[in-house]
Amino acid sequence: VPTLFDVAATSSGNSKKTRPMKNTKKRMGPFTSFAENPDGVRFETQEAKETIVLFLRQHIVVNVPWVCVSVLMLFVPTFLLPLFLHAVRVSLPIPATYIFVGTLFWYVATFGFILANFLGWFINIYIVTNERIVDIDFYYLLNKDFSQAELNKVQDISFITKGLLSTIFNYGEVVVQTASESPNLEFDKVPNPEKVVETIRSLIEKHKRGRPL
Amino acid sequence: MTEQALPIIAWFGFKILSLIGIAVYVVFAGIIVRQENLMSHVLEEGFEPILRMLTYIHFIAALIVFLLALILL
C-alpha cells in the first residue's frame, strides 16, 4: 500500500521534528496548482466531516502561451501597430480622439484577455477528499460542470504523461474510471500525476478497510 | 450627396460600429464579473476577494471606455 502520510521535516527550532502530512496544512496561493491538505479552502457541497486531501489545477506552465500573447498585446499600440503601418506605407488621417479611445480600449481588452484566461485556469479545479473525487469545470465563462465520484465507486485509476513539456515539467492526465453510470473523471495536465494516483489509491484502500481518514 | 459629406458619413458609421463593439465588450466584462461571483459560491479561497476586485475594475474600465467613446467620438 503506498504511503499516504509522508514524513515532512520542519526547519523551525533546533531539533528537526517529523510529523505526518495529515496535519500539515498548506496555505493556498493564487498560483497553486498542487496542494496536499490545503488550508482555507472549501467547496460548494463539502460536508462537515469531509476534508480535502488534494487540491489540483492544471500545471502553471499551461499558461505560458496566453501570457506570451498578452505581453505581445501590450506592445501593439505603442510599437507593433506603428511599425506595421510604416511597413505597409499606410497614412490614414485618423482623428486623435479615435486613437485615444482605441488605445484605451485595446489596453482594457488586453486586461480582459488576461483576466479571462487566468479565470479559465483558476476556476477549473480537481479536488480529492477523504470521501470522493470532484471535478469542477467552467466552460467558456458561462457553463459550469460539477462532476464527482465516490471513492467506493472508483474502479480503476491511471495516468498518462506524453510530450516533451509534460515530461520536463512533470504533468499529465489522470483518468479515474468509475463503476457508476456517470462518466469517467479526467484530470487534465495536473502536476505530479503519479503522486495523485498514489494518493487516490491509498485513500481507496483505506476507504475499503473502513478506516476514516 | 457632396464629396465632403462622404467621409463624415463613413466616420459616423465607424463611430456606430465602435460603440456597438465596445458595448458588446462591456457585456463580456459583466459576464466575467458574474462568472467570478458564481465561482466564489462554488469554491471558497483566499485569493477570491482580489480576483473579485480585479473583475470589477475591468468592468468599470470597460464602462468608462464606452462612455468616453460616446462623448469623444
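Computed quantities for the displayed model
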{"quantity": "Listed residues B:F12, B:F59, B:F47, most fluctuating in chain B (Gaussian network, C-alpha, under 10 Å)", "calculated": "B:F47"}
{"quantity": "Value at 222 nm in deg cm²/dmol, rounded to 500, when DSSP H runs of n ≥ 4 in chain B each add -39,500 (n - 2.57)", "calculated": "-31500 deg cm²/dmol"}
{"quantity": "Accessible surface, segment A:79-169, averaged per residue in Å² (probe 1.4 Å)", "calculated": "57 Å²"}
{"quantity": "A:H59 - accessible surface, heavy atoms, 1.4 Å probe, Å² rounded to 10", "calculated": "30 Å²"}
{"quantity": "Listed residues B:I20, B:I60, B:I50, most fluctuating in chain B (Gaussian network, C-alpha, under 10 Å)", "calculated": "B:I50"}
{"quantity": "Residues in segment A:113-154 reached by a label modelled at A:R209 [backbone nitrogen below 20 Å; 7 Å Cα→Cβ]", "calculated": "A:129-132, A:151-154"}
{"quantity": "Cα radius of gyration and Dmax for segment A:116-213 (Å)", "calculated": "14.2, 44"}
{"quantity": "Helix B:48-72 axis, angle to chain B major axis (alpha carbon atoms, nearest 10°)", "calculated": "10 degrees"}
{"quantity": "Accessible surface of A:R132 - all protein chains present, 1.4 Å probe, nearest 10 Å²", "calculated": "20 Å²"}
{"quantity": "DSSP-loop trypsin sites (Lys or Arg not before Pro) across segment A:136-213, with at most 14 other Cβ within 10 angstrom", "calculated": "A:K162, A:R209"}
{"quantity": "Nearest 10 degrees, 0 to 90: helix B:5-42 Cα axis against chain B principal axis", "calculated": "10 degrees"}
{"quantity": "Above-threshold pairs, the threshold being 21 Å between Cα atoms, out of A:K49/A:K153; A:K144/A:K195; A:K144/A:K206", "calculated": "A:K144/A:K195; A:K144/A:K206"}
{"quantity": "Chains B and A together, accessible area buried on both sides, 1.4 angstrom probe, square angstrom", "calculated": "2900 Å²"}
{"quantity": "Equivalent ellipsoid semi-axes, chain B, via Cα gyration tensor eigenvalues times 5, rooted, Å", "calculated": "39, 10, 5"}
{"quantity": "Surface share of carbon and sulfur [accessible, 1.4 angstrom probe, percent] for chain B", "calculated": "78 percent"}
{"quantity": "Gyration tensor verdict on segment A:73-119 (Cα atoms; rounded if a/c is under 1.5, prolate if a/b is larger than b/c, oblate otherwise)", "calculated": "oblate"}
{"quantity": "Simple spin-label estimate for B:R34 and B:L72 in nanometres, 7 Å along Cα-Cβ", "calculated": "2.9 nm"}
{"quantity": "Where only C-alpha atoms are counted, convex hull volume of the protein assembly as shown per residue in Å³", "calculated": "196 Å³"}
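The values are calculated or read from the model by the stated rules, or taken from the named source; none is laboratory data. Small disclaimer: the values here were computed from a predicted structure and weren't measured. Virtual Cβ from ideal backbone geometry, glycine too; neighbours counted across all protein chains shown. We work out accessible area using only protein heavy atoms, side chains counted, and drop any ligands, DNA or RNA first. Shrake-Rupley method; radii C 1.70, N 1.55, O 1.52, S 1.80 Å.
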